[in-house]
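The next block holds one structure in the form of structure tokens; read it before the comments.
The values are calculated or read from the model by the stated rules, or taken from the named source; none is laboratory data. Predicted, not measured: the structure shown is a model, and the values here were computed from it. Cβ sites come from the backbone with ideal geometry, for glycine too, and all protein chains shown count toward neighbours.
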């Protein structure tokens with residue numbers, strides 16, 4: 001994978017520091033399943049032939065069996081589970097293996113693998129949890145009677161209905177000692193904080209002089225006490241910082257609850273400080289963002305100029321070759337070499353003539369010029385979730401409808 005843009009091999013120290021295959025090899029079943037599905041999609045898109053799709057699937061099934069038998073040799077120099085499997089596949093079936101990575105990145109591979117893994121493990125844990133519940137039920141039959149409650153029998157179902165609850169707790173000991181709902185709520189608030197913090201980081205970076213993509217309004221900025229030119233994005237920086245409090249509150253209640261015996265214990269009194277603080281912090285952050293975002297001033301010209309960097313379309317250039325039959329790994333290397341040529345000769349990628357490009361691949365032709373049209377490149381990204389203007393407009397319309405419905 002290093003061929004093309006990089007001339008030198010990775011230092012051994014760097015390889016050991018960055019490899020993940022010693023851990024993520026456990027995802028191999030899901031990675032292979034994802035690759036088989038991806039190959040089928042490539043065949044439907046006519047990027048690979050039906051015969052190549054079958055070669056890929058057969059090769060991947062063979063690799064899966066080899067891994068399960070313990071005979072597969074993992075190579076840390078290939079970094080991760082994805083590259084180990086792909087390299088083994090290409091070694092087995094040749095050029096068809098090099099086409100598998102067309103139209104995908106390891107970023108979406110690992111996102112898919114983890115989702116498949118968690119989906120499978122949720123089912124596995126749920127099964128084992130059911131086994132534990134059965135074991136506890138069998139113990140209960142041995143004679144451990146009720147520990148709490150009252151001899152005065154009230155209509156608890158009616159009370160629950162009056163208060164808007166859908167059901168009644170079935171265990172009085174658990175009812176007074178349970179704070180799962182607080183822990184789960186604090187986790188949700190922490191996740192809201194996580195996403196607000198990441199959005200804050202984006203906005204902070206984009207507002208810097210180096211980027212200049214946007215500017216915060218005066219109403220939601222502060223002034224430096226020393227540097228007269230400086231405009232501080234304090235609302236976003238504060239939100240980024242407050243997220244740490246949300247995490248801390250979650251950890252405090254989890255730590256409080258982890259060693260308590262059954263039923264109510266006075267330690268649980270400490271739940272309210274964490275709960276109230278997280279609620280107040282999250283509500284204020286959401287209120288700030290709802291008021292601040294409409295006041296952002298976007299520098300469209302600056303953003304368009306940044307998007308005109310022809311190197312941003314290097315992947316489009318590789319996919320241009322893929323559509324003409326070049327295996328993606330080969331196309332990746334060719335374009336990497338073109339980028340090196342562009343840098344060493346101080347010639348922008350889109351200014352390299354077709355004749356020179358043909359020296360790198362005979363598949364380049366006059367139509368390659370349209371690859372460097374940014375607007376056309378965006379328009380071509382029409383797959384579900386991709387950022388074509390048409391897709392973005394549809395998503396905006398969808399969210400406006402959902403928000404209007406409440």
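Observations, loosely collected:
- Within the stretch 389-402, residues that are on the phi < 0 side of the Ramachandran plot and surrounded by 10 or more Cβ atoms within 10 Å (Cβ to Cβ) reach no partner that is at pLDDT below 90 and not in a helix (DSSP H, G or I) with beta carbons closer than 7 Å at six or more positions or on different chains.
- Of the residues examined, residue 221 is not one that is over 24 Å from the mean Cα position of the chain (by Cα) and more than 19 Å from residue 289 (Cα to Cα).
- Count - residues of the stretch 277-303 that are in contact with a helix residue (DSSP H, G or I) (Cβ under 9 Å, 6 or more places away or on another chain) and free of Cβ contacts under 8 Å to residues at least 12 places away in the same chain: 2
- Looking across the stretch 218-239, just one residue is within 20 Å of residue 198 (Cβ to Cβ) and in a loop (DSSP other than H, G, I, E, B), and that is 233.
- Subset of the stretch 195-232 that is closer than 30 Å to residue 272 by Cα and touching a helix residue (DSSP H, G or I) at 6+ places or on another chain (Cβ under 6 Å) - its residue that is surrounded by the most Cβ atoms within 10 Å (Cβ to Cβ): 200
- The helices (runs of 4 or more DSSP H) located wholly in the stretch 240-322 that include 3 or more residues which are surrounded by fewer than 17 Cβ atoms within 10 Å (Cβ to Cβ) and within 28 Å of the chain's Cα centre (by Cα) occupy 271-292, 300-307.
- Of residues in the stretch 125-154 being in a loop (DSSP other than H, G, I, E, B) and surrounded by 10 or more Cβ atoms within 10 Å (Cβ to Cβ), the one modelled with the lowest pLDDT: 147
- Hits in the stretch 55-79 - residues which are over 29 Å from residue 9 (Cα atoms), surrounded by 15 or more Cβ atoms within 10 Å (Cβ to Cβ) and within 29 Å of the chain's Cα centre (by Cα): 57
- Flag for residue 209 being at pLDDT 90 or above, over 27 Å from the mean Cα position of the chain (by Cα) and closer than 18 Å to residue 299 by Cβ: yes
- The stretch 331-353 - residue that is free of Cβ contacts under 8 Å to residues at least 24 places away in the same chain and in a loop (DSSP other than H, G, I, E, B) and, of those, surrounded by the fewest Cβ atoms within 10 Å (Cβ to Cβ): 346
- Once the stretch 12-32 is narrowed to residues that are in contact with a helix residue (DSSP H, G or I) (Cβ under 6 Å, 6 or more places away or on another chain) and within 16 Å of residue 113 (Cα to Cα), the residue that is surrounded by the fewest Cβ atoms within 10 Å (Cβ to Cβ) is 25.
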